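Take a look at the structure below.
The values are calculated or read from the model by the stated rules, or taken from the named source; none is laboratory data. Model, not experiment: these values are computed from the prediction. Heavy atoms of the whole protein, side chains included, go into the accessibility calculation; ligands, DNA and RNA do not. Shrake-Rupley method; radii C 1.70, N 1.55, O 1.52, S 1.80 Å.
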Amino acid sequence: GIGDRFLGHIERCRVLIHLVDISGPDPAEAMRIVEGELEAYGAGLDEKPTLVALNKVDLADPELVEAFRKELIEAGAERVFAISGATGAGIGELLDAVLEHLPVAAPLGHADEQVEDKPWSPI
């Protein structure tokens with residue numbers, strides 16, 4: 001089914017992003033459910049580095065965002081990124097964290113070409 005094909009692609013990923021909706025009834029429970037599904041699937045998915053992104057923070061006040069961030073860390077998240085898909089808030093920090101888990105590629109071009117010394121950005 002679709003789930004099997006999806007999980008097959010995940011097996012090849014270097015890092016997982018767990019997107020948790022702040023407007024859900026219990027973000028920490030949502031995170032635990034997905035972790036349980038990854039563990040049940042096997043193939044080492046539960047051992048992959050996972051970044052937790054608390055989404056839709058534009059819909060909540062900063063105190064609630066911080067409370068849920070702390071709750072997710074207490075539930076086992078190593079790092080929690082407060083993001084908003086609607087406004088783009090926090091996306092840069094999340095992408096920087098993703099890049100930490102990717103191999104560094106050699107710059108494109110010929111060996112004798114001068115390469116500008118600028119940080120790479122996916123945006």
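The listed residues are 60, 30, 43, 53, and the only one of them that is open to solvent by less than 30 Å² (accessible area, probe 1.4 Å) and more than 14 Å from the chain's Cα centre (by Cα) turns out to be 60. Based on this model, can you work out whether residue 20 counts as at pLDDT 90 or above, β-branched (Val, Ile, Thr) and open to solvent by less than 80 Å² (accessible area, probe 1.4 Å)? Yes; evaluated as a whole, the condition is true for this residue.
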